Amino acid sequence: MAKRVAVVLAGCGVFDGSEVHEASAVLVHLSREGAQAEVYAPNIPQMHVVDHVKGQPTPEQRNVLVESARIARGNIKDLATLDVKGLDALIIPGGFGVAKNLSTWATQGKNCSISKEVEGVLRAFHAAHKPIGMCCISPVLAAKIFPGCEVTVGHDTECEQWPYAKTAEAMKELGCRHVNSQVTEAHVDARNRLVTTSAFMCNAPIHHVHDGIGKMVREVLRLA
């Protein structure tokens with residue numbers, strides 16, 4: 001039987017939702033491996049809407065579920081309906097929506113809160129010993145919820161290639177172990193059944209990001 005994997009989105013667009021290329025890569029790699037993706041998103045307002053041409057917020061208001069449906073080609077469910085019993089694994093792509101809509105990391109960093117629905121889903125998969133895959137900024141959710149877990153967001157020293165490396169330092173302050181890795185690699189925390197990869201935390205060619213997400217997906221399915 002095909003493994004059923006929940007993919008949780010946070011909107012549509014890197015600056016205020018899910019990173020579209022990461023979400024697409026997750027879906028492509030799941031399809032290639034013969035797994036069945038089931039896409040979910042919370043039915044909540046976005047923190048704000050960003051004009052992706054200007055890189056600036058606008059007065060507009062949008063809904064996370066409605067926007068996520070763009071990526072899912074309309075085949076999406078309200079996160080409130082997710083039942084961990086019928087699923088084999090969970091994957092959360094990155095994008096600023098994770099730090100703005102699924103949590104308050106964008107404004108509060110390590111002192112953030114996480115959406116109750118999102119935290120409930122993560123804890124349910126963890127308690128059921130079912131694997132969780134995360135890429136880009138989404139590993140901060142695991143760092144906040146699962147003290148002592150091992151994750152990667154790439155490197156912990158800021159430079160042109162790794163412009164968001166301070167994220168790793170904040171995660172360490174939450175008590176997790178950050179493992180430096182390359183964009184084409186994925187790190188497996190076997191104890192917590194947690195698989196992470198840096199994706200667009202790195203200034204890298206898009207195919208390298210795609211390859212790293214592929215490794216993350218394959219490791220998640222191996223653990224499922």
Among residues belonging to segment 192-215 that are of a type in the set (D, E, K, R) and touching a strand residue (DSSP E or B) at 6+ places or on another chain (Cβ under 8 Å), point out the one that is most open to solvent (accessible area, probe 1.4 Å). Lys215
Only one of Ala69, Ala37, Ala80 is touching a Leu at 6+ places or on another chain (Cβ under 6 Å) and small (Gly, Ala, Ser), namely Ala37
Just to be sure, is His29 open to solvent by less than 40 Å² (accessible area, probe 1.4 Å) and part of a helix (DSSP H, G or I)? yes
Kindly indicate the residue of segment 106-121 that is under 21 Å from Ala6 (Cβ atoms) and either of a type in the set (A, V, I, L, M) or not in a loop (DSSP other than H, G, I, E, B) (or both) and also most open to solvent (accessible area, probe 1.4 Å) among those meeting that condition. Lys116
Please specify each residue of segment 122-136 satisfying the condition of being in contact with a Phe, Trp or Tyr (Cβ under 7 Å, 6 or more places away or on another chain) and not in a helix (DSSP H, G or I). Ile132, Cys136
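Considering each of Arg73, Arg62, Arg32 in turn, give the residue that is modelled with pLDDT of 95 or more and under 20 Å from Thr196 (Cα atoms).
Only one candidate qualifies: Arg32.
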Positions within segment 157-205 being part of a helix (DSSP H, G or I) and in contact (Cβ under 8 Å) with a residue 24 or more places away in the chain, in sequence order: Thr167, Ala170, Met171, Glu173, Ala199, Phe200, Met201
Residue selected from segment 45-100 under the condition within 15 Å of Glu19 (Cβ to Cβ) and polar (S, T, N, Q), by the criterion most open to solvent (accessible area, probe 1.4 Å): Gln46
Could you figure out which of (1) surrounded by fewer than 24 Cβ atoms within 10 Å (Cβ to Cβ); (2) at pLDDT 95 or above; (3) under 18 Å from the mean Cα position of the chain (by Cα) isn't true of Val140? (1)
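The values are calculated or read from the model by the stated rules, or taken from the named source; none is laboratory data. Quantities reported herein were computed from a predicted structural model and do not represent experimental measurements. Cβ sites come from the backbone with ideal geometry, for glycine too, and all protein chains shown count toward neighbours. Only protein heavy atoms, including side chains, enter the accessible area calculation; ligands, DNA and RNA are left aside. Shrake-Rupley method; radii C 1.70, N 1.55, O 1.52, S 1.80 Å.
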